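Where a number appears in this text, it was derived from the coordinates with a stated rule and is not lab data. Values in this document were obtained by computation on a predicted structure and should not be read as measured data. Cβ placement follows ideal geometry from the backbone for every residue including glycine, while neighbour counts extend to all protein chains displayed.
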Amino acid sequence: MQHMGSGCCKLCNLLLLVSGLSFLAYGLGYWKDGMTVHLVGGLFLTLFALGKLMHAMDMCPNCEVMPEGKAMPAKRR
């Protein structure tokens, strides 16, 4: 299984955060249009799931595929 790189991990977490914030804003009454909230939240959740699926299937073009049993290289500082 491919490990998610730093950039991919940040992007997936950002997608999940925006989706959650859109649902939270709707729940607290800051965003009144329910259809738009569900479209935005659903879109970002779908993109998040697609990113996770790509990494599970070793299809991410930005991450290196590490052979089984090999450790990830150390971070450069």
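Points worth noting:
- Gain on full extension, evaluated as 0.36 nm per residue between LEU24 and THR46 minus their Cα-Cα distance, stands at 6.2 nm.
- The THR36 and CYS9 beta-carbon pair, evaluated with R₀ = 30 Å, returns a calculated FRET efficiency of approximately 0.60.
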